[in-house]
Each structure stands twice: as C-alpha cells, then as structure tokens.
1. Out of (1) under 16 Å from the mean Cα position of the chain (by Cα); (2) over 25 Å from Trp165 (Cα atoms), the odd one out for Pro88 is which?
2. Looking for something surrounded by fewer than 17 Cβ atoms within 10 Å (Cβ to Cβ), within 13 Å of ligand 1 (Cβ to nearest atom) and either within 22 Å of Ile25 (Cα to Cα) or hydrophobic (A, V, I, L, M, F, W, C) (or both) - is there at least one such residue anywhere in region 98-118?
3. Scan region 145-154 for residues that are out of contact with any Lys or Arg (no Cβ under 9 Å at 6 or more places or on another chain) and more than 13 Å from ligand 2 (Cβ to nearest atom) and report the count.
4. Could you tell me whether Ile38 is within 15 Å of Thr205 (Cβ to Cβ), touching a helix residue (DSSP H, G or I) at 6+ places or on another chain (Cβ under 9 Å), among the β-branched types (Val, Ile, Thr) and surrounded by 11 or more Cβ atoms within 10 Å (Cβ to Cβ)?
5. Could you list, in sequence order, all residues of region 7-43 that are of a type in the set (Gly, Ala, Ser), closer than 22 Å to Trp165 by Cβ and not in a strand (DSSP E or B)?
6. Looking only at region 118-144, count every residue that is more than 15 Å from ligand 2 (Cβ to nearest atom) and in contact (Cβ under 8 Å) with a residue 60 or more places away in the chain and tell me the total.
7. Answer with yes or no whether Arg78 is part of a helix (DSSP H, G or I), under 22 Å from His183 (Cβ atoms) and of a type in the set (Lys, Arg).
8. Working only within region 81-105, note down all residues that are part of a loop (DSSP other than H, G, I, E, B) and either at pLDDT below 95 or of a type in the set (Gly, Ala, Ser) (or both).
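The values are calculated or read from the model by the stated rules, or taken from the named source; none is laboratory data. Please read these numbers as outputs of a predicted model, since none were measured by experiment. Positions of Cβ are generated from backbone atoms using ideal geometry, with glycine treated the same way; all protein chains shown enter the neighbour counts.
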Amino acid sequence: MSKTSPAAPPSPTLTIRGAALYREIIPQAAQRAILEDIGEVVRQAPLFAPVTARGKPMSVRMTSAGAVGWVSDRGGYRYQALHPRGTPWPAIPDSVLGIWHRVAGPARMPDCCLVNHYGAEARMGLHQDRDEADLTQPVVSISLGDAALFRIGNPARGGKTESVWLSSGDVLVLGGAARLLYHGIDRIRPGSSALLPQGGRINLTLRVAR
Ligand code: MD6
Ligand code: FE
C-alpha cells in the first residue's frame with residue numbers, strides 16, 4: 001500500500017441496513033476539541049432556522065462549513081457557496097476532516113460539513129441525502145451531545161424501518177447500497193450527555209457535494 005492511500009477503515013460496531021455504525025469511535029477529549037472547533041464555525045456562520053420549500057419551519061437549526069453549505073428556504077433546498085447572510089462558509093475544521101479520513105475509505109475530500117443543532121424538541125423527518133453530485137461518495141455523520149433515535153428505512157418512501165440510538169462520539173457512514181436509504185431522527189433524549197453546556201445535540205454530516 002502506498003503512503004498516500006487512506007488506512008483501511010476499522011470494523012464497524014454494527015451495520016444497520018448496510019450503514020456502518022462506529023460506536024464512540026471519538027474519545028471524549030476529541031469530542032470536546034471538535035465541539036470547540038464547531039463553536040468557532042458557528043461564531044463565523046451563525047445557526048439559522050431553515051424553512052422547507054413549502055414554508056414549514058424545520059425544528060433543527062443549521063449552518064455549514066466548507067466550500068458549499070446546505071440551505072433550504074422558500075426557493076427550495078440546495079448547496080450554495082454563501083451563508084444566507086451573504087458571507088462564505090468557514091473552512092471544515094481539521095478535527096472533523098480527521099474523522100472522515102478514518103472511516104470514509106477511498107473517497108474524495110468532503111466539501112461540505114452540515115451542522116445540525118437539535119434542542120430537546122427537535123427532530124428530523126425521514127429524508128434521502130441525494131442533492132450531491134456524486135452519489136458514489138459516502139456521507140459521514142458525527143453525533144455530539146444528547147443521544148438521538150435514528151431511524152433508517154428503504155430506498156423509497158414507506159416499508160419497514162429499523163432504529164438505533166446514536167450517542168455522543170458515534171460515527172455513522174451511509175455509503176454504497178445504503179447511500180440512498182431514507183433516514184431521520186425521531187427524538188432526542190434530553191440530559192443524556194453533558195458534552196454541550198446547554199444540552200441538546202449537534203450532528204455533523206460530511207459530504208462531497210459538488
Ligand atoms: C442526524 N443525520 O443524525 C441526521 N444523513 O441528526 C442524517 O440526516 C444523516 O446520519 C446522511 C448520512 C448520515 C446521517
Ligand atoms: Fe441525512
């Protein structure tokens with residue numbers, strides 16, 4: 001193996017519908033370092049409350065890092081180079097890129113890190129991540145803070161689903177045949193982690209968007 005090829009990913013703790021879950025692969029100190037770096041991202045690119053294309057407010061607050069960020073408003077949802085306030089997104093922190101390199105396998109570099117903040121009442125409806133140009137590239141999801149009930153289903157709406165709790169420091173990879181499965185967050189378990197001083201949950205998803 002040449003020096004530049006990425007290390008083979010470690011074995012996942014479990015796979016669910018082909019999605020690879022690495023439980024608590026991020027040690028506490030590294031979680032705190034990532035959280036600090038995301039704090040700086042949020043200072044430069046404040047969390048905003050997106051609305052769906054139909055005008056329905058989403059319960060999570062969002063921002064992004066990277067060359068492009070994901071936005072949703074009355075004009076629809078899309079990746080774009082500017083925060084809704086008109087400023088470029090901050091760079092993806094190295095602490096976060098390090099997780100990508102550990103688990104993404106022979107993938108390209110991510111150009112978007114979507115930051116989702118969940119308060120106690122927030123959830124995320126079942127959706128596919130399919131706005132990316134190259135769907136052969138995985139999406140890597142990092143959970144920080146309170147635990148969340150993650151549901152995963154099928155390549156089309158409907159049918160049976162399976163659920164798993166995601167805890168702080170867990171990393172989930174949706175790649176290969178699992179890349180286009182519907183998934184969402186049913187609920188948060190408030191008070192289950194002390195990582196975020198105010199409580200709540202942060203989910204980071206790294207993508208190759210363009
Ligand atoms: C969340 N996650 O964990 C929502 N998307 O808050 C996602 O929507 C997601 O976990 C793509 C790949 C992995 C994910
Ligand atoms: Fe998603």
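1. Unmet for Pro88, out of (1) under 16 Å from the mean Cα position of the chain (by Cα); (2) over 25 Å from Trp165 (Cα atoms): (1).
2. Checked region 98-118: no residue is surrounded by fewer than 17 Cβ atoms within 10 Å (Cβ to Cβ), within 13 Å of ligand 1 (Cβ to nearest atom) and either within 22 Å of Ile25 (Cα to Cα) or hydrophobic (A, V, I, L, M, F, W, C) (or both).
3. 0
4. Working: within 15 Å of Thr205 (Cβ to Cβ): yes; touching a helix residue (DSSP H, G or I) at 6+ places or on another chain (Cβ under 9 Å): yes; among the β-branched types (Val, Ile, Thr): yes; surrounded by 11 or more Cβ atoms within 10 Å (Cβ to Cβ): yes.
The answer is yes for Ile38.
5. Kept after step one, since they are of a type in the set (Gly, Ala, Ser), are these residues of region 7-43: 7-8, 11, 18-20, 29-30, 33, 39.
When the remaining residues are screened for being closer than 22 Å to Trp165 by Cβ, the result is 11, 18-20, 30.
Ser11, Gly18, Ala30 - these are the residues of region 7-43 that are of a type in the set (Gly, Ala, Ser), closer than 22 Å to Trp165 by Cβ and not in a strand (DSSP E or B).
6. Initial filter on region 118-144 (more than 15 Å from ligand 2 (Cβ to nearest atom)): 119-121, 133-134, 136, 144.
Narrowing the set further to residues that are in contact (Cβ under 8 Å) with a residue 60 or more places away in the chain leaves 119-121, 133-134, 144.
Residues flagged as more than 15 Å from ligand 2 (Cβ to nearest atom) and in contact (Cβ under 8 Å) with a residue 60 or more places away in the chain within region 118-144 amount to 6.
7. On the way: part of a helix (DSSP H, G or I): no; under 22 Å from His183 (Cβ atoms): yes; of a type in the set (Lys, Arg): yes.
In short, no.
8. Here is the first cut: in region 81-105, the ones part of a loop (DSSP other than H, G, I, E, B) are 81, 83-87, 89-93, 104-105.
Answer for region 81-105, where residues must be part of a loop (DSSP other than H, G, I, E, B) and either at pLDDT below 95 or of a type in the set (Gly, Ala, Ser) (or both): Ala81, Gly86, Ala91, Ala104, Gly105.
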